[in-house]
Amino acid sequence: MYDVVNNLHSVLRELPNGVKLIAVSKYHPIEYIEAAYAEGQRAFGESLVQELSKKVTSLPKDIEWHFIGHLQTNKVKYIVPYISMIEAVDSVKLLREIEKQASKYNRVINVLLELHIAKEESKYGFSFEDCRAFIDSGEWRNMSHVCISGLMMMASNVSDKEQVRKEMLSASIFFDEIKKKYFSDKASFKERSWGMSQDYDVAVSCNSTMVRIGTKIFGPRLY
Ligand SMILES: *Cc1c(COP(=O)(O)O)cnc(C)c1O
């Protein structure tokens, strides 16, 4: 087995207090997750509904699952019974569906709004403008089964750390603006989810509170 245990501890040692590790286990076998779990890791990230559903049934119930990929609205119903956080809410339509499905289970699901900042990495996510407009609409205030817990973004996949820093800082500044204007009375709006294996060092210097790290812990993914 790839040296999951050592890798996990070396990543954890590098994270400052207040930065939470989401161990991204997509495409990795159950045994890798169990190895990390045995070391105390509880938060795991997955990005495919089918793969996640399979893993959930054979792993401990106290795992905190984060859905970090693009989620199709017609698949929300499958993960709503157990998901802890849906990190990549990239449309109002998706948020409405989460609200609808979560109400059936009488659950409140933590969600992050995904920002689209990187040049071409992902086609998903809100522009600053659209995100601002949605939050300003106030529609979310009537959604009692979703808790908007913060923002998520993926930086450009480039070696130019200054570019990455620029994007993460713009997300952080935007977070502060939204927090101050709309969520100053909501302690639950607090998460800034940015940073992956190759850029989490930059992310923690740009006020990240949540890093999503896969490769650095579990090795290369086998597609
Ligand atoms: C796969 C994935 C990650 C983890 O990427 P690594 O480079 O393996 O650390 C983080 N965030 C999202 C949204 C992902 O899809």
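What the table shows:
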{"item": "Qualifying residues in the stretch 171-222 (those that are over 16 Å from L151 (Cβ atoms) and polar (S, T, N, Q)) - the one farthest from the ligand (Cβ to nearest atom)", "result": "S205"}
{"item": "Residue under evaluation G18, criteria (1) surrounded by fewer than 16 Cβ atoms within 10 Å (Cβ to Cβ); (2) more than 24 Å from N207 (Cα to Cα), criterion not met", "result": "(2)"}
{"item": "Number of the exception - E34 against (1) charged (D, E, K, R); (2) over 18 Å from the mean Cα position of the chain (by Cα); (3) more than 20 Å from R221 (Cβ to Cβ)", "result": "(3)"}
{"item": "Options S208, S149, S193; residue that is touching a residue at least 60 places away in the same chain (Cβ under 8 Å) and in contact with a Ser or Thr (Cβ under 6 Å, 6 or more places away or on another chain)", "result": "S149"}
{"item": "Conditions (1) outside any strand (DSSP E or B); (2) away from the ligand (no atom under 16 Å from the Cβ); (3) not basic (K, R); number of the one not met by E167", "result": "(2)"}
{"item": "Within the stretch 179-212, tally of residues that are farther than 17 Å from E87 by Cα, hydrophobic (A, V, I, L, M, F, W, C) and assigned to a helix (DSSP H, G or I)", "result": "2"}
{"item": "Counted residues, the stretch 22-52 - those being away from the ligand (no atom under 14 Å from the Cβ), in a helix (DSSP H, G or I) and surrounded by 15 or more Cβ atoms within 10 Å (Cβ to Cβ)", "result": "3"}
{"item": "Qualifying positions in the stretch 28-46 - under 15 Å from T215 (Cα atoms) and in contact (Cβ under 8 Å) with a residue 40 or more places away in the chain", "result": "H28, Y32, A36, G45"}
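We did not get these values from a lab; they are worked out from the coordinates using the rules stated. The shown structure was predicted, so the numbers you read here are calculated from the model rather than taken from an experiment. Note that we place each Cβ from the backbone using ideal geometry, even for glycine, and neighbour counts take in every protein chain shown.
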